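Notes for the one structure printed next.
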Amino acid sequence: MSSNNEVPKFGLLVPSTTEQAVSLLTQYGGQAKIMSGGTDLLYTMKNGVKYKTPEYVVDISGLPLNYINYDATDGLRIGATTPIASIASDPNIAQYYPVLNQAANTVAAPQLRNQGTAAGDVIQDTWCWYLRNNYPCWQNGGNVCFGVLGDNRYYQSIFGGRLTYAVNPGDTPVAYFALNADVAVQGPGGTTNMPISQLLPGEAIVDGKVKENSLQHNEMVTEIHVPPPPANSKSSWYKVRARQSFDFALASAAVVLTFNGSTISHASLVLGGVDVAPHRATAAESYLVGQSLTPSTIQEAAVKAVEGAAPLTTGTGNSFRVFLTQGAVTKALTLLS
Amino acid sequence: MDTKMNRRKFLKASAISAGVVGLGGIALSAGNNSTVLEPPTQTVPSTSNADPFALQSITLNINGQSYQVGVEPRDMLNNVIRDYLGLIGTKRPCNRGECGGCTVLIDDVPHMSCTYPAYRAVGHAILTVEGYNVDPVLNAVQQAWVQADSGQCSGCQEGQVMAATALLKSNPNPSLDEIKFAMSGNICRCGNYAGIIAGIQLAAQNLQGGSA
């Protein structure tokens with residue numbers, strides 16, 4: 001169960017096109033994995049998590065997928081290998097998609113934002129510390145979910161689990177959900193576009209294994225597309241973490257509100273770090289439509305945002321994060337009032 | 001059993017016994033102050049390479065010197081700098097990209113070298129804490145570090161110095177909030193953050209005074 005802290009031997013495959021990357025994935029079956037930034041994959045490999053450790057790595061960092069294009073009618077297109085730091089500093093994103101700008105600026109550490117990439121933040125593996133540290137949990141060859149039985153304060157869902165309780169750890173995917181983004185996925189049969197909620201369904205079974213995303217072994221994300229921001233809309237982001245320097249979200253909230261005067265005509269409110277996928281708070285969304293932002297409507301929306309919460313009562317329990325989630329929603333909405 | 005040390009010792013021993021031959025992990029030569037590299041054809045090796053596991057000889061530009069070294073695909077920049085080239089100023093505290101102690105600059109941008117594949121560094125300028133004589137900003141940060149007593153146990157120090165250098169290169173006069181944001185990837189277990197911030201502010205002041 002321990003590792004020697006070195007990356008195990010792997011074969012390096014360097015495609016020159018996305019088509020070639022996909023055909024390499026197909027050729028090597030489940031034995032090859034895509035590496036873009038590598039901050040997620042190399043970590044898992046060093047920890048010796050066997051079922052996540054590939055024999056071959058397809059390094060796509062050299063593919064021409066490092067771009068951010070903004071167009072008022074088409075919206076925003078972000079290439080898969082664009083560093084998070086580029087998203088965090090892009091002036092168009094800061095102007096038209098504040099929620100994405102702010103979320104990107106809270107991802108990990110400056111060094112990791114320089115290396116970690118747009119698609120990687122979306123499809124990264126869970127950070128359940130039992131799994132990451134190679135405990136024989138049921139995903140990793142055993143028959144127990146240590147997250148349910150043990151210390152589940154930080155990485156386990158407060159909205160219940162299905163096959164796993166480990167939360168989706170990303171920050172930018174929460175913003176993408178709130179902005180109704182879609183992703184381009186390249187497979188052997190060509191490119192398919194799907195809503196991001198289809199790429200991150202919470203959990204998916206691919207090749208008989210539980211996965212955090214619905215990608216087949218020979219598919220890769222090539223682009224993230226965000227529609228133009230609705231007229232008269234505002235957006236905001238708030239992330240709660242255990243330490244301010246750099247950490248995963250204990251709870252986060254991404255909000256996009258469209259206004260008619262001071263009245264909300266459309267609301268998009270998505271919670272991060274608290275469910276197996278970014279969690280759309282539909283009750284709070286429908287409550288907010290027709291309201292204006294006042295301290296009392298904000299408080300009511302925060303209460304409705306955690307409707308359906310079922311925090312774990314086994315192990316350490318994680319009900320405190322229900323309150324942190326309400327706090328994150330309150331803060332994010334207050335930023336817009 | 002400390003496998004890291006064994007591997008390192010083994011490589012050093014084989015370098016001596018083999019009389020420096022072109023095998024994996026052995027420094028072939030260190031150029032003499034040559035700042036110009038052979039232009040790489042690609043930053044990463046091509047798929048036409050018959051054996052994807054093979055060792056490759058790559059040339060790295062570290063602190064203005066060029067080093068030729070054999071690496072495996074799995075070798076991280078940190079392993080190469082420390083274990084193969086002996087530049088042990090760059091630390092490897094957590095080896096997971098969680099602490100910032102291994103920070104080096106790649107084209108003036110801070111990266112965690114423990115999580116950066118060495119083969120990707122080909123064609124880029126790497127600056128480590130040993131590069132004080134080729135980089136005036138790094139030199140100024142190190143001087144200020146001593147003056148402001150910014151170091152304690154030194155577990156994180158070299159990474160802090162490099163992150164601070166990257167900050168002052170892109171923002172010569174940072175505010176307190178900008179310093180905290182830029183340094184947020186570097187954890188200090190002694191908790192000497194006040195001393196670190198004082199060192200960075202002093203370095204910024206000294207650099208501006210020097211250039212005025």
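Data table
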read-out: Residue identified as assigned to a helix (DSSP H, G or I) and over 19 Å from A:ALA283 (Cβ atoms) among A:LEU335, A:LEU312, A:LEU324; value: A:LEU335
read-out: B:CYS156 vs. criteria surrounded by 20 or more Cβ atoms within 10 Å (Cβ to Cβ), in contact (Cβ under 8 Å) with a residue 60 or more places away in the chain and not aliphatic (A, V, I, L, M); value: yes
read-out: Count of residues meeting criterion [surrounded by fewer than 21 Cβ atoms within 10 Å (Cβ to Cβ) and on the phi < 0 side of the Ramachandran plot] in region A:183-202; value: 12
read-out: Yes/no for A:SER36 being farther than 24 Å from A:GLY141 by Cα, polar (S, T, N, Q) and crowded, with 23+ Cβ neighbours inside 10 Å; value: yes
read-out: Residues of region A:13-33 satisfying the condition of being surrounded by fewer than 23 Cβ atoms within 10 Å (Cβ to Cβ) and either in contact (Cβ under 8 Å) with a residue 60 or more places away in the chain or closer than 11 Å to A:GLU219 by Cα (or both); value: A:THR18, A:GLU19, A:SER23, A:LEU24, A:THR26, A:GLY29, A:GLY30, A:LYS33
read-out: Enumeration of residues in region B:177-199 that are farther than 15 Å from B:PRO110 by Cα, of a type in the set (A, V, I, L, M) and within 14 Å of chain A (Cβ to nearest Cβ); value: B:ILE196, B:ILE197
read-out: Flag for B:THR35 being more than 11 Å from chain A (Cβ to nearest Cβ), closer than 25 Å to A:VAL22 by Cα, at pLDDT below 95 and more than 11 Å from the chain's Cα centre (by Cα); value: no
read-out: Region A:181-236, residues that are assigned to a loop (DSSP other than H, G, I, E, B) and under 20 Å from A:TYR96 (Cβ atoms); value: A:ALA181, A:PRO227, A:PRO228, A:PRO229, A:PRO230, A:ALA231, A:ASN232
read-out: Residue list for region B:186-199, restricted to those being part of a helix (DSSP H, G or I) and within 17 Å of A:SER245 (Cα to Cα); value: B:TYR193, B:ALA194, B:GLY195, B:ILE196, B:ILE197
read-out: Residue, farthest from B:LEU127 (Cα to Cα), within region B:73-91, restricted to residues that are facing chain A (nearest Cβ under 9 Å) and either in contact with a helix residue (DSSP H, G or I) (Cβ under 6 Å, 6 or more places away or on another chain) or crowded, with 22+ Cβ neighbours inside 10 Å (or both); value: B:PRO73
read-out: Residue satisfying condition, being within 22 Å of the chain's Cα centre (by Cα) and surrounded by fewer than 16 Cβ atoms within 10 Å (Cβ to Cβ), within set A:THR314, A:THR282; value: A:THR282
read-out: Boolean, A:SER252 is in a strand (DSSP E or B) and farther than 24 Å from A:ALA166 by Cα; value: no
read-out: Selected residue [under 14 Å from the mean Cα position of the chain (by Cα) and either surrounded by fewer than 22 Cβ atoms within 10 Å (Cβ to Cβ) or outside any helix (DSSP H, G or I) (or both)] from A:GLY170, A:GLY142; value: A:GLY170
read-out: Verdict on A:PRO91 being touching a residue at least 12 places away in the same chain (Cβ under 8 Å) and more than 22 Å from A:ASN213 (Cα to Cα); value: no
read-out: Within region B:92-112, considering residues that are more than 9 Å from every other protein chain (Cβ to nearest Cβ) and outside any loop (DSSP other than H, G, I, E, B), the one surrounded by the most Cβ atoms within 10 Å (Cβ to Cβ); value: B:VAL104
read-out: Options A:ALA104, A:ALA94, A:ALA108; residue that is within 16 Å of the chain's Cα centre (by Cα) and either away from chain B (no Cβ under 14 Å) or not in a helix (DSSP H, G or I) (or both); value: A:ALA108
read-out: Meets criteria (without any contact (Cβ under 8 Å) to a residue 40 or more places away in the chain and either touching a strand residue (DSSP E or B) at 6+ places or on another chain (Cβ under 7 Å) or surrounded by 15 or more Cβ atoms within 10 Å (Cβ to Cβ) (or both)) for A:PHE159; value: no
read-out: Given (1) β-branched (Val, Ile, Thr); (2) within 14 Å of chain A (Cβ to nearest Cβ); (3) under 12 Å from the mean Cα position of the chain (by Cα), number of the condition B:VAL129 does not satisfy; value: (2)
read-out: Residue check, B:TYR119 farther than 26 Å from A:SER89 by Cβ, outside any loop (DSSP other than H, G, I, E, B) and away from chain A (no Cβ under 14 Å); value: no
read-out: Elements of type strands (runs of 3 or more DSSP E) contained in region A:1-78, each with 1 or more residues being within 11 Å of another protein chain (Cβ to nearest Cβ) and among the charged types (D, E, K, R); value: A:56-59
read-out: Matching residues, region B:152-185, being assigned to a helix (DSSP H, G or I) and at pLDDT below 95; value: none
read-out: Some residue of region A:268-277 being surrounded by fewer than 23 Cβ atoms within 10 Å (Cβ to Cβ), assigned to a strand (DSSP E or B) and not aliphatic (A, V, I, L, M); value: yes
read-out: Out of B:ALA148, B:ALA125, sole residue that is more than 19 Å from A:GLN115 (Cβ to Cβ) and either in the same structural domain as B:PRO172 (by TED's automatic domain parsing) or in contact (Cβ under 8 Å) with a residue 12 or more places away in the chain (or both); value: B:ALA148
read-out: Region B:41-73, residues that are at pLDDT below 95, more than 11 Å from B:ALA118 (Cα to Cα) and hydrophobic (A, V, I, L, M, F, W, C); value: B:ALA50, B:PHE53, B:ALA54, B:LEU55
read-out: Per-region count, region A:79-91, residues surrounded by 22 or more Cβ atoms within 10 Å (Cβ to Cβ) and part of a helix (DSSP H, G or I); value: 2
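The values are calculated or read from the model by the stated rules, or taken from the named source; none is laboratory data. Please read all numbers here as calculations on a predicted model, not as lab measurements. Cβ atoms come from the backbone with ideal geometry, glycine included; neighbour counts cover every protein chain shown.
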